[in-house]
Amino acid sequence: MPNNKTCKICRNKLFLFYKIDKFPLKTINNFYKNKEIKLKDLSLYFCNKCKNITTYPKIQHSILYGDFLVNDIFYKNLSKKKSTKLIKEKKIFMNSRVLEISKNKFLNPEVFKKKKITFNRINFQKIFKKFKLLSNDSFDYIFCYDVIGNTGNIKHFLKCVKKKINQNGKIFIYHHYGPSLVKNLNIDRIYFEHKDFLSLNAIKEIADKLNLHIIDFNFIENKNFFEVVLSKSFMKLGSNNIKKTLVAERKFTKKNIVNFQINLNLIINKFNKFIIKNKNCSIYGFGASIGALPLIKIFNLDDKFSNIFDDNPLQYNFRLSNKVNIKVNKFKKFKKENKIIIILAPRYKSSIIKKLEKKICLGDYIISLVPKFNIYQKRRVDF
């Protein structure tokens, strides 16, 4: 696929390898039920030098996050356990200064207050304006949750963060791991909010230019996510993952990209044959998170569902375009009919199957699309 785009991280030529046609700009539209849904083709590009995967076009924050307050619905009960564990694991002592940068509230301020630790938070929606308001502040620990790949300008983001960290302070960054998007077919991560799917080589490229040191690196959740720790000062935290990962990523090439295309097309073909064979079944989806959108678009499911169920359904329906408006209901039970239930939240496949197997009827199917196409039928398990 010809293109003339270059990588914003290392200036190498980008390789266009996948495109989703007519993708909604707003991925959670429940507060905009009467407004027109805007659609654009979403393209994925790969840099063979720094191994970054990036999306085009780049959509402005004001358009993407205009309805982002919906996320607080799922984060009302802030995790005290997570904050307590974090303080212990990262050895955050009394009188330390901590900054959280996130889309959603991950940490509980009250836990830090009780430990006599100063705590601040910047909402990603207004991140660069908020940085200016903190002009006289500096921190010992900065935690960046699921934001670095959403900024559109990673170097500028890290440059701002660097100004806020003390000389011996630590910057903890958590995000999706780019190579796993390809290797594990994590297509539920593909939408306009995720502008970059980073590799460690890409982070190192930027960190070196800003005189930041990578002092630790760890994989999370089957290598689908990562934690990288940066500092102005060089220090060793005991991890051997940095060098191993940098070397392993250099073997990640266009061949992996081609395999992504082949494997995904094989699954799409298997799925289509199964649907044709079972055309008399009603089709349901389970999972109405943002990640359901790319699955619905890639597998051409826009007009296939009788309904979509979720444990915490959004306030309004699931809007895919101005014509397609899928009803989302809280999951209780199914009608007695021949049905296929498609898992739209791959990360939670095991728990969804466990939940559904008690509710489905003999002969019903549960389908897992990625990373492998699997079929579960009542009283017969193929998983």
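The values are calculated or read from the model by the stated rules, or taken from the named source; none is laboratory data. What you are looking at is a predicted structure, and each value in this text was computed from that prediction instead of being measured. Counting neighbours? That spans all protein chains shown, and the Cβs are built from the backbone with ideal geometry, glycine included.
Does residue 322 satisfy the condition of being touching a helix residue (DSSP H, G or I) at 6+ places or on another chain (Cβ under 8 Å), at pLDDT below 80, part of a loop (DSSP other than H, G, I, E, B) and not small (Gly, Ala, Ser)?
When the stated conditions are applied, residue 322 does not pass them.
Checking the structure you have, find out if any residue of the stretch 258-265 is assigned by TED's automatic domain parsing to the domain that holds residue 345, buried (at least 19 other Cβ atoms within 10 Å of the Cβ) and in contact (Cβ under 8 Å) with a residue 40 or more places away in the chain.
Yes, because at least one residue in the stretch 258-265 is assigned by TED's automatic domain parsing to the domain that holds residue 345, buried (at least 19 other Cβ atoms within 10 Å of the Cβ) and in contact (Cβ under 8 Å) with a residue 40 or more places away in the chain.
Taking the criterion of being of a type in the set (Ser, Thr, Tyr), part of a loop (DSSP other than H, G, I, E, B) and under 17 Å from residue 174 (Cα atoms), would at least one residue in the stretch 232-240 satisfy it?
yes
Search the stretch 202-222 for residues that are not assigned by TED's automatic domain parsing to the domain that holds residue 175 and surrounded by 22 or more Cβ atoms within 10 Å (Cβ to Cβ) and pair each with any residue that is assigned to a strand (DSSP E or B) and of a type in the set (A, V, I, L, M) when their beta-carbon atoms are under 8 Å apart and the residues are at least 6 apart or on different chains.
Short answer, once both residue conditions are applied: none.
Name every residue in the stretch 191-210 that is part of a loop (DSSP other than H, G, I, E, B) and modelled with pLDDT of 95 or more, in order of residue number. Talk me through it step by step, then tell me what you get.
Residues of the stretch 191-210 that are part of a loop (DSSP other than H, G, I, E, B), as a first pass: 191-195, 199, 210.
Across the stretch 191-210, the qualifying residues are 199, 210.
Checking residue 297 against (1) modelled with pLDDT under 95; (2) surrounded by fewer than 19 Cβ atoms within 10 Å (Cβ to Cβ), which single condition isn't satisfied?
Of (1) modelled with pLDDT under 95; (2) surrounded by fewer than 19 Cβ atoms within 10 Å (Cβ to Cβ), only one is false for residue 297: (2).
Among 263, 240, 269, 224, which is the only one that is touching a Ser or Thr at 6+ places or on another chain (Cβ under 8 Å) and over 25 Å from residue 11 (Cα atoms)? Before you say what the answer is, go through the steps one by one.
On the way: 263 fails: touching a Ser or Thr at 6+ places or on another chain (Cβ under 8 Å); 240 fails: touching a Ser or Thr at 6+ places or on another chain (Cβ under 8 Å); 269 fails: touching a Ser or Thr at 6+ places or on another chain (Cβ under 8 Å).
None of the other options fit; the residue is 224.
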